[in-house]
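I have placed the structure first, in the form of structure tokens, so that the comments after it can refer back to it.
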Amino acid sequence: MPDDDLTDAEEPAAAEEPAAADEPAAEEPAILPEHVGMLAKLQADLGDALVEAVSNHGDLVVRVRNDAWHAAALAARSRLDCEYLSFISGIDWTSRPDPPNWDPDAPSSPVQPKEVTYGAAGSDGRFQVFAVVESTDDKIQVILKTDVDEADPHVASWTDVYPGADWHERECWEMFGVRFDGHPSLRHIYLPGEFEGHPLRKDFPLLSREVKPWPGLVDVEAMPGGAGEEAGDETAEAVAEGGE
Amino acid sequence: MAVTEQQQQAFIGKHLAEAQVAVELQDEDMVLNIGPQHPATHGTLRVVVKLDGERVVAADPVIGYMHRGYEKLTEYRSYPQVTTLINRIDWLSSFANEVPFIHAGEQIMGIEAPPRAVYIRTVLTELSRIATFLLFLGEMGAQVGAITPVFYGFRDREYVLNLIEAATGGRFHPNFNRIGGLKDDVPAGWIAETRRMMDKVFESCDTFENLLEGNEIFLARTKGIGIIPGDVGKGYGVSGSNLRASGVDWDLRRDAPYLAYPEVDFKVWTHPGGDSWSRYWVRLQETREAARIVVDLLDRLPSGPVMAKVPRIIKVPPGESWVRVENPLGEMGYYVVSKGATGPFRVKIRSASFSNVSILPWLLKGVYVPDLITILASLYFILGDIDR
């Protein structure tokens, strides 16, 4: 009975998968009608510093030039009334290098594709800083993104626009090494002061995973009595499939 | 009139002496270190405050004692494994934590959970809210010196935790959400039991009201203390009940509908005060409102499966999604970036307490030391939610 269910479930999903992958690609350039007005207001202030804008799953994503990052915050705050800062964070778009004792066939950890691809509204290079601001009166939100130079990652600080940016920028600096120009005291927030490196960069190894591969389902001992053994094999296979 | 040299020196000498006296009388600022281990901080928050007498001149919260690096760890795990981690961000309302992450995955995959699963998710989210707030109501009393409420708080929260345990198998870490629905349906008899318990929740809300609102000490210690103006709160990213207590009418359950909230008629409580008292009062009303939502949803619980058809191995197609919801502590959101693998490429966790606490350097300036403790209690943060 459970077996039937599983096989049933797998087939339609496999058929759907390519369709699901095509859909967002076709939709992507479109801006949702409710975002057109918001975008026009930002465009008026930012001009050609606004590089790209898309609607992604119901949210407006706007990518601006690095030197217009501060202007983007001001525009969002004054034009769109976005007084509420949700967060500022960063992303490293490169793929993770394999650990030294990595076996690509081992199903121990989810394998990310090796080729470098960029998300909604694209990116020029490896690092991006993104933030979400919201208007509590108009109930709208904007996702702002900007590209950050890989060799000298820096961008303007938002602390004079949103006081809450202070901690978020400290975190982003600590985790990605992105310097925020104009930040009053860029120091460690989570990690001890003497910590070296930027942990959320993809080339920063997760030591526990270097020493020992992820002890996933493959390590589970078979249950005594046969039935469990079968299930155990199945899951191991399933994980192997997923890992490809 | 000419001033002689002698007069000039006498003048300077007098002023120097006065300056000397002023320097001697001036207190040196004292630095007081609160935490990291302190009962008032619910964990390991350290606040370094500079005092002038009893008054705080400057405050610097030091966080990170409980930093577990979840954003990094999620990059090494598959989607079902990530829910185990995010259960432990805000451990008082773990179920509510899971929902936005699962939603983000479902959004990228284009899967929708069946109606029954959506309703049960909503019910369990509201139960988490009740559990969190009941503990808050108890704690809030304890922080100003009233010991009785904390016992009621823990007792009454247990009613709700028992319900969560009966449905999910875990009191604190349910790990019950799956991409596409829920692990299981609720057990037989659970709905009737939940209804019965909601009556008790209403009762215990009345108990807290009677215990605290007529208590002069409680009023004196909370009214007008730690005022957050709405505009300042928004700039710092303060959210949830803390922001509603500053008169900002903003609730994601209503303003960015998710789960079954669009189908429920509920009131968003606000208070114009912005002080510790308002934060307490708004949470008390929201506890009652949550119980009403639960009863309302249970009356209309649709039948059917609790799990959509999903592939056995969850592979999320490339894409990214930002999902934020109204958690008991405030706005909780996940920015999930997928590159088509079995695990997420990057997960940015936006937790409510981090932003709620980031206002402390501003808020604590000029308050007295004993008020500092009530302000910390009224902001109501969970350390796991700050440090992630």
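Before moving on, here are some points about what is shown:
- As a length-normalised measure over Cα pairs under 8 Å and 6 or more apart, the relative contact order of chain B settles at 25 percent.
- Using 0.36 nm per residue and subtracting the Cα-Cα separation, the extra length available between B:LEU32 and B:ASP255 on full extension is 76.1 nm.
- Extreme residue, positive dipole direction of chain B, given options B:THR287, B:GLY366, B:GLY189 (C-beta unit charges): B:GLY189
- Tensor-based shape of the stretch A:27-204 (alpha-carbon gyration tensor, a/c under 1.5 rounded, otherwise prolate or oblate): oblate
- With a cut-off of 14 Å on the backbone N, the residues of the stretch A:37-67 near the modelled label site 7 Å out from A:ASP81 along Cα-Cβ are A:38.
- In this rough spin-label picture, where each label sits 7 Å from Cα along the Cβ direction, the A:ALA30-B:ARG300 distance is 3.0 nm.
- Which listed pairs, of B:LYS72/B:LYS183; B:LYS183/B:LYS348; B:LYS267/B:LYS348; A:LYS41/A:LYS139; B:LYS234/B:LYS267, have C-alpha distances above 19 Å, in listed order: B:LYS72/B:LYS183; B:LYS183/B:LYS348; B:LYS267/B:LYS348; B:LYS234/B:LYS267
- Less than 5 angstrom separates the built amide H of B:VAL367 from those of B:VAL56, all sequence-distant by 5 or more or on a different chain.
- Anchor B:LYS223: lysines whose Cα lies under 21 Å away (excluding residues fewer than 8 positions away in-chain): B:LYS365
- The stretch A:27-204, relative contact order in percent, only Cα pairs under 8 angstrom and at least six apart counted: 22 percent
- Helical contribution to [θ] at 222 nm, DSSP H n ≥ 4, -39,500 (n - 2.57), averaged over chain B, rounded to 500: -16000 deg cm²/dmol
- Summarising the label geometry, the points placed 7 Å from Cα in the beta-carbon direction at B:GLN6 and B:LEU219 lie 6.8 nm from one another.
- Taken as Cα centroids, the stretch A:137-154 and the stretch B:177-215 sit 41 Å apart, rounded to the nearest whole angstrom.
- If R0 equals 41 Å, the separation of the Cβ atoms of A:SER208 and B:ASP206 corresponds to a calculated FRET efficiency of about 0.25.
- Dipole magnitude for the stretch A:27-204: about 140 debye, using +1 per Lys or Arg Cβ and -1 per Asp or Glu Cβ, origin at the Cα centre.
Rule-based calculations on the coordinates, nothing more; no lab input. These numbers were taken from a predicted model, which means no experiment stands behind them. Counting neighbours? That spans all protein chains shown, and the Cβs are built from the backbone with ideal geometry, glycine included.
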